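Remarks on the structure that follows.
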Amino acid sequence: MLRQLIGCQRRIVLRGYRYFTDAASQDFTEGEKKIKEVLQTKFPGHKLIHVSDISGGCGAMFEVAIEAEEFRGLRTVKQHMLVNEALKKEIGQMHGLRIHTKVPG
């Protein structure tokens with residue numbers, strides 16, 4: 001039980017570290033790279049796109065945070081629908097996806 005707790009704490013610390021460090025210095029999984037490329041193409045007015053493989057690197061579950069001008073004037077549900085539509089092909093290979101969207105400013 002203690003090993004599991006320590007492993008869980010380590011993953012949380014590493015995940016937090018990756019989120020707040022310079023993107024150029026990080027090693028991303030292939031899934032993270034692919035999803036980020038798709039989102040950058042689909043949302044050219046983005047200010048921030050962060051993609052994290054929260055399944056431990058196996059590509060089963062991802063968390064995305066997007067701050068984009070394309071979301072202005074849209075309800076959260078519609079924003080999430082746009083992200084789902086952009087990642088339609090990739091979602092078929094996933095177990096789950098957490099989406100966080102925001103309008104700049």
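Values quoted throughout were computed directly from the atomic coordinates according to the rules given, and no laboratory measurement underlies them. Keep in mind it's a predicted model, so treat the numbers as computed, not measured. Positions of Cβ are generated from backbone atoms using ideal geometry, with glycine treated the same way; all protein chains shown enter the neighbour counts.
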Q: List the residues whose amide H sits under 5 Å from the amide H of ALA60, counting only those 5 or more places along or on another chain, with H placed 1.01 Å from N in the peptide plane.
A: SER55
**Q.** LYS88-ARG72 pseudo-label distance in nm [points 7 Å out on the Cα-to-Cβ vector]
**A.** 2.7
Q. When the Karplus curve 6.51 cos²θ - 1.76 cosθ + 1.60 is applied with θ = phi - 60°, which whole-Hz ³J(HN,Hα) does each residue of the stretch 83-91 get, with x for Gly and Pro?
A. 5, 4, 5, 5, 9, 3, 5, 6, 4
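Based on the mean of other beta carbon atoms within 10 Å per residue, what is the order of 65-71, 91-97, most packed first?
On the way: 65-71: 19.0, 91-97: 12.7.
Packing proxy ranking, top to bottom: 65-71, 91-97.
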